[in-house]
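Okay, structure first, notes after.
Derivation of every value follows stated rules applied to the coordinates shown; laboratory data play no part. It should be emphasised that the depicted structure is a prediction, and the values quoted were computed from it without experimental measurement. No Cβ is skipped: glycine too gets one built from the backbone with ideal geometry, and neighbour counts run over all protein chains shown.
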Amino acid sequence: MKRLLIVVVVAALLLSGYWVLGAIGAKRGLESWMEARRAEGWQADYAEFSLRGYPNRFDALWENLALADPGTGLAVEMPRFGLYALSWKPGHLIAVWPDRFDFRSPEERFSLSNDDLRASLRVTPGPLLEMQRAQLTGRTLVLSGATEAAMDSLSLAMAQDDEDDSRYRLGLAAEGLTLPSSVADWLQADGLPQAMRELRLDADVTFTRPWDLRALEEARPQPTRVELHLARAAWGELLLQVTADLDVDARGLVSGEAHVQARQWQQMLQMAVAAGAVPEEMAGSIEQGLSMMAGASGNPNALDLTLTLREGRIWAGLIPLGPAPVLHLR
């Protein structure tokens, strides 16, 4: 019995020592990261920072945390933010946001209320914390401020490829997305319900380098190749599905082919013209050409065609449809 007691006491002491050393290292590392950001001109302030969770967790908690990146003009202010990890599994982090917090861009300021907004993050141990897998989920998201929008549910996922550490599988699923009224008016979304029923994305994207701490401290990795397995948007009677295989150059210009299926495409074209994506003076000829393509398929309201993207433009055969998107992460 005495030997067993000695073993238990020694094990407890070793566990306590491991936790204390780990907690000291984690706290110093997080505080040093904040100090380094301030040295670079960031705002990195908080009223209180603590590290708890003995004996099996490291719970990093900030009160009244404010972060602002002068390079991008992006900033966030949170009354409370938590970053959690198991003491025996420090490479797996859980981030939990408060049910309401503020953030701003260079142009506007917003508040976001939510029901259980959190993220799971797996990183490679080391100074750069290279991201292996991440998932963010939230429910009842409501954006207010200069712009107002809402979403019933959101799930974002990102997973590093096993063979190419710069390649990631990306996934998005959103339901009940209510666009700002100004955007809906701008798109001339007449007759459509207030909320989009569904928005989904499944893609493999290759970047210039892996995602790690440098994405916050220096610059975001930029996409070089996009394999879009499916992008799907359903809004009332409108349905748009896209698959694509695209290369991205250093300027963010894309080249390649995209396969598009569209239902009620005429209204989509009107919305694209209203948004400025398609020049108004070209709308008539584009509609005429697309009508011929849709008629050949037997359903005048549905399109099934392959688009070519090159030199910053989108083409349907010989018909120019407008500028191609520029893929550059700020």
Give me, ordered by chain and number, the residues 5 or more places off Arg133 or on other chains with an amide H under 5 Å from its own placed amide H. Arg122, Gln160
Cα lying deepest toward the dipole's positive end in the chain, options Gly145, Leu239, Ala85, charges on Cβ: Ala85
Using the crude model of +1 on Lys and Arg Cβ and -1 on Asp and Glu Cβ, and no other charge, please compute the dipole size for the range 60-137 relative to its Cα centre, in debye to 20. 360
Among (i) 32, 61, 7; (ii) 30, 54, 15, 1; (iii) 24, 52, 20, 4, 0, the entry that matches P(r) over Cα pairs in 20 Å bins from 0, in percent as calculated here: (iii)
What helices in the chain pass both tests, a Cα length along the helix axis of 30 Å or more and a mean Kyte hydropathy of -1.0 or higher, using whole DSSP H runs? 2-39
Report, in debye and to the nearest 20, how large the dipole of the chain comes out about its Cα centre when Lys and Arg carry +1 and Asp and Glu carry -1 on their Cβ. 1460
Among the GluC sites (Glu not before Pro) within the range 118-190, which fall in a DSSP loop and have no more than 13 other Cβ atoms within 10 Å of their own Cβ? Glu163
Rounded to whole Hz, the Karplus (6.51, -1.76, 1.60) HN-Hα couplings of the range 208-214, x for glycine and proline: 5, 7, x, 7, 8, 4, 5
So the FRET efficiency between Arg80 and Met292, C-beta based with R0 = 41 Å and rounded to 0.05, is 0.10
For the range 261-317, run through the GluC sites (Glu not before Pro) and keep only the ones in DSSP coil with at most 16 other Cβ atoms within 10 Å of their Cβ. Glu311
